[in-house]
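Q: I am attaching a structure below and will ask some questions about it afterwards.
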Amino acid sequence: MMEGLSEEEIEARLGQIPAWRVFDTTLQRQWKFPSFFEGIRFVNRVAELADAADHHPDIDIRYTRITLRLWTHTANGITQKDFDLAKQIDRVAPAN
């Protein structure tokens, strides 16, 4: 079982993904898209990355606003896997 990172470890890593924030026990980021379809296209890209990493985010779709939350369920917290996937998502995400 993977262990969650400490608050200090999380804070140290947040500089690598500055658009993300800690919300409750998750890493969270939100995007607003010009259209519903463009948001869904982004969600599909995220789904491909997540499946390849075998690490799946919580995805909230509210018309043109997409919110992703990453946390490692088996560790009941944020782990390096979450930071790794966040970096991959940032590479395919539009600037927001």
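A short reminder: the numbers here are calculations on the coordinates, not readings from a lab. All of these numbers come straight from a predicted model, not from anything done at the bench. Cβ: placed from backbone, ideal geometry, glycine included. Neighbour counts: every protein chain shown.
Q: For residues that are surrounded by 14 or more Cβ atoms within 10 Å (Cβ to Cβ) and touching a Ser or Thr at 6+ places or on another chain (Cβ under 8 Å), tally how many sit in the stretch 1-30.
A: 5
Q: Continuing with the same structure: Of all the residues that make up the stretch 56-91, how many are among the charged types (D, E, K, R), more than 16 Å from Q16 (Cβ to Cβ) and in contact (Cβ under 8 Å) with a residue 24 or more places away in the chain?
A: Residues flagged as among the charged types (D, E, K, R), more than 16 Å from Q16 (Cβ to Cβ) and in contact (Cβ under 8 Å) with a residue 24 or more places away in the chain within the stretch 56-91 amount to 3.
Q: What residue, among those in the stretch 48-70 that are outside any loop (DSSP other than H, G, I, E, B) and not hydrophobic (A, V, I, L, M, F, W, C), is surrounded by the most Cβ atoms within 10 Å (Cβ to Cβ)? If you could, list the steps in order and put the result at the bottom.
A: The initial filter retains those residues of the stretch 48-70 that are outside any loop (DSSP other than H, G, I, E, B), namely 48-53, 58-62, 65-70.
With not hydrophobic (A, V, I, L, M, F, W, C) added as a condition, the list becomes 48, 51, 58, 60, 62, 65, 67, 69.
On the way: E48: 11, D51: 10, D58: 12, D60: 12, R62: 11, R65: 13, T67: 15, R69: 18.
Ranking the qualifying residues of the stretch 48-70, first place goes to R69.
Q: Going residue by residue through the stretch 10-32, is there one that turns out to be closer than 17 Å to A95 by Cβ, among the small types (G, A, S) and either assigned to a strand (DSSP E or B) or touching a residue at least 24 places away in the same chain (Cβ under 8 Å) (or both)?
A: yes
Q: Would you check which residues across the stretch 52-80 are hydrophobic (A, V, I, L, M, F, W, C) and over 20 Å from E9 (Cα atoms) and list them?
A: Correct list: A52, A53, I59, I61, I66, L68.
Q: Could you list all residues from the stretch 33-42 that are of a type outside the set (V, I, T), surrounded by fewer than 16 Cβ atoms within 10 Å (Cβ to Cβ) and not in a loop (DSSP other than H, G, I, E, B)?
A: F36, F37, E38, R41
Q: With respect to R45, is the statement that it is under 14 Å from the mean Cα position of the chain (by Cα) and not in a strand (DSSP E or B) true?
A: Against the criterion (under 14 Å from the mean Cα position of the chain (by Cα) and not in a strand (DSSP E or B)), R45 qualifies.
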